[in-house]
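Have a look at the structure below before the remarks.
Here, each number is a calculation from the coordinates, and none is a lab measurement. Only a predicted model underlies this, so the values are computations on that prediction, with no experimental measurement involved. For neighbour counting, all protein chains shown are included, and Cβ atoms are generated from backbone atoms with ideal geometry for every residue, glycine included.
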Amino acid sequence: MRITIKVALGHVPLAHRHWKALGLFEHGRMENLAYARRVWDNHAGALLHCQGTPTKRLLELGPGEGGFTIGHALAAGFETVCLVDVQRLFEPAAYLTPEALALCGATLPPDLARSRVRYQTGGLPCLRGQASDAFDLVFSNTVLQHVRRAEVPAHLRELFRITRPGGVGSHRVDFRDMLGGSLNNLRIGSGLWERDWFARSGFYTNRLRHSELIGGFRAAGFEILKDGVDLFDGCPEAARHRCREFRGLTEEDLRVKGCNLVVRKPLASAPPRR
């Protein structure tokens, strides 16, 4: 019933701001200062693992509906802040006023702050447009699970390419469904789930499990520095009703509901495996 309702609502031609006003189809909570600060503190800690001379360049993948990352990054001394998303959900100018910057502890003049910030939309093509070895820190917060399954390897290869040798990535990934916080999304076969009209219905996740994502980062060339997992209390009941293509998943994978990954591009890196 939830899937049917969400599919129907997802194709009603309303602007995102109207869905947000109704409390539907929200894209994170990064417009909330306190929440954005917690997210920033979590991912900025990954810089402790950086090797080599830092260049102070940051990319956030999928900032969602708010740009407080801008002020937090500038306050931390980053010289370049690049935000990449699939669609434009906020105006950076709102986060570059003296008042908004001050909330994050940044004291740069707005003109100087603006010169250091880029906000680009278009998803994977935008990543491909970034220079190689350009960023010290690349982070995402509950974003990678929403990347279309077929595009995940390309995203990870691009993240590897744009991270400088010795630079790090920090990624919070949520493996639960967007239907009830469980694994109900495993009930449906990929023949339906991966159709464009279905995937655009506002609850898409790529359904990659923890071990598959770790394997993807390694195949892209990254080394895994930290893998902090959150577990369900036992295997979720919804997992017992999964469709045939997911019946081979291990209980260990099914119990992982989220993880905090810190990865690093080696200083002397071999080309990623294709």
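Where both bridge residues fall in the chain, DSSP classifies roughly 45% of the beta bridges as antiparallel. Of the GluC sites (Glu not before Pro) found in segment 197-274, not one falls in a DSSP loop while having at most 10 other beta-carbon atoms within 10 Å. Ranking of Ile162, Ile214, Ile224 by neighbouring Cβ atoms within 10 Å, starting from the fewest: Ile224, Ile214, Ile162. On a 0 to 90 degree scale, rounded to 10, what angle separates helix 33-44 from the longest Cα axis of the chain? The angle comes out at about 90 degrees.
Estimate the FRET efficiency between Arg218 and Arg88 by the formula 1/(1 + (r/R0)^6), using the beta-carbon distance for r and 35 Å for R0, to the nearest 0.05. It comes to 0.60. The calculated FRET efficiency for Leu192 paired with Leu112, based on their beta-carbon distance and R0 = 45 Å, is about 0.35. Working note: Karplus 6.51/-1.76/1.60 with θ = phi - 60° gives segment 240-251 the couplings 6, 9, 5, 6, 4, 5, 10, 6, x, 5, 7, 4 Hz, where Gly and Pro are set to x. Of the residues His43, Leu96, Ser201, the one whose Cα sits farthest towards the positive end of the charge dipole of the chain is Ser201 (charges of +1 on Lys and Arg Cβ, -1 on Asp and Glu Cβ, taken about the Cα centre).
Spatially close Lys pairs in the chain, defined by Cα atoms under 28 Å apart and a spacing of eight or more places or different chains, total 8. When a/c is below 1.5 the answer is rounded, else prolate if a/b is larger than b/c, else oblate, so apply that to the chain with a ≥ b ≥ c taken from the square roots of the Cα gyration tensor eigenvalues. Verdict is oblate for the chain. Neighbour counts of C-beta atoms inside 10 Å place Trp197, Trp40 in the sequence Trp197, Trp40, starting with the fewest. Placing unit charges on the Cβ atoms only, positive for Lys and Arg and negative for Asp and Glu, gives segment 2-264 a dipole magnitude near 500 debye about its Cα centre.
Sorted ascending by nearby beta carbons within 10 Å, beginning with the fewest, Tyr204, Tyr35, Tyr95 become Tyr35, Tyr204, Tyr95.
The residue among Ala106, Gly180, Thr69 whose Cα reaches farthest toward the positive pole of the charge dipole of the chain, with charges on the beta-carbon of Lys, Arg, Asp and Glu, is Gly180. For segment 2-264, relative contact order (Cα pairs under 8 Å, six or more residues apart, normalised by length) works out to 19 percent.
Using a simple spin-label model with points 7 Å from Cα along the Cα→Cβ vector, what separation in nm is obtained for Cys50 and Asp133? According to this spin-label approximation, the distance is 1.6 nm.
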